[in-house]
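The values are calculated or read from the model by the stated rules, or taken from the named source; none is laboratory data. All of these numbers come straight from a predicted model, not from anything done at the bench. Using ideal geometry, Cβ is built from the backbone for each residue, glycine included, and neighbour counts are taken over all protein chains shown. Ligands, DNA and RNA are stripped out before the accessible areas are found, and what is left, the full protein with its side chains, is counted by its heavy atoms. Shrake-Rupley method; radii C 1.70, N 1.55, O 1.52, S 1.80 Å.
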Amino acid sequence: MKPHVMFGVHPLFGDYVDAIHTNGGYLARVIQNVEEPQRPQGERFADGLARYHTWLKANGHTTAVRVERLDRYRPDLAETPLLGFRGLKVLPLVNRLREEFGLHFPPLIHPAAAVSPMAVVEEGVFIGAGVVIAPHARIGAFSLVNRGATIGHDAVVEEGVVVGPSCSTGSAVRLRAGAVLGIGCTVIERLEIGEGSYVAAGAVVLHDVAPNRLVAGIPAREKKVLGNTGGEST
């Protein structure tokens, strides 16, 4: 089993370790770069880690995950680097790890995803179970395509995009850098979702979305102008 080291943490921790194990690896270390933000809902990283340790023990694994601070990190060439969160906010950390340690982040693709061999998946991408990536689609660096989502043929997903579970995009859609698609939304073919925009859960997008906009509803309509959030938080 190949060891992995995860930089940063996120509520999708369970999805990441699931993909690691189903690819024949295990999580050896978590490197925390900042204090975990307070979230109004959802469990904290310590809770997810405890549940993971319980699962490891029940399945005969004797090792536990080591949690370290970034200022104490020393590379281990046996470990595969992994980012524990996605979105444009990951880029300062990525640049630091490249400059100080020469790290490269291969994509993490769940074996239960169907990714066309004609698709392009760039550095640091996470693709969850049940995802379908059609031919000639491109998934940009440090993006996330979550469980059960579908990316249509010839679609372009730019850097740091977050696609929520069960989303569906038509052919030749372009998702600009840092855009976020909420759970179960639909974007019909040949539309563009602007940089930093957020499509709310369940929305059906029938027209282009300008940069830094929140859209919601069926059909989706603009609700407000956003700041440049850059996708997921750390």
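Of the candidates L56, L103, the single residue that is assigned to a loop (DSSP other than H, G, I, E, B) and hydrophobic (A, V, I, L, M, F, W, C) is L103. In the range 144-159, the condition of being among the small types (G, A, S), surrounded by 17 or more Cβ atoms within 10 Å (Cβ to Cβ) and touching a helix residue (DSSP H, G or I) at 6+ places or on another chain (Cβ under 9 Å) is met by no residue. Of the set (1) under 23 Å from G227 (Cα atoms); (2) in contact with a Lys or Arg (Cβ under 6 Å, 6 or more places away or on another chain), all apply to L88 but (2). When each of G178, G128 is tested for being of a type outside the set (K, R) and on the phi > 0 side of the Ramachandran plot, the lone residue that passes is G178. If the condition is being within 16 Å of the chain's Cα centre (by Cα) and open to solvent by 10 Å² or more (accessible area, probe 1.4 Å), then the range 169-183 contributes R176, A177, V180, I183.
Evaluating E122 against the criteria (1) within 20 Å of L91 (Cβ to Cβ); (2) crowded, with 17+ Cβ neighbours inside 10 Å leaves one unmet condition, (2). Would you confirm whether or not the range 26-41 contains a residue that is in a helix (DSSP H, G or I) and either in contact with a strand residue (DSSP E or B) (Cβ under 6 Å, 6 or more places away or on another chain) or exposed (fewer than 12 other Cβ atoms within 10 Å of the Cβ) (or both)? No; the residues of the range 26-41 include none that is in a helix (DSSP H, G or I) and either in contact with a strand residue (DSSP E or B) (Cβ under 6 Å, 6 or more places away or on another chain) or exposed (fewer than 12 other Cβ atoms within 10 Å of the Cβ) (or both).
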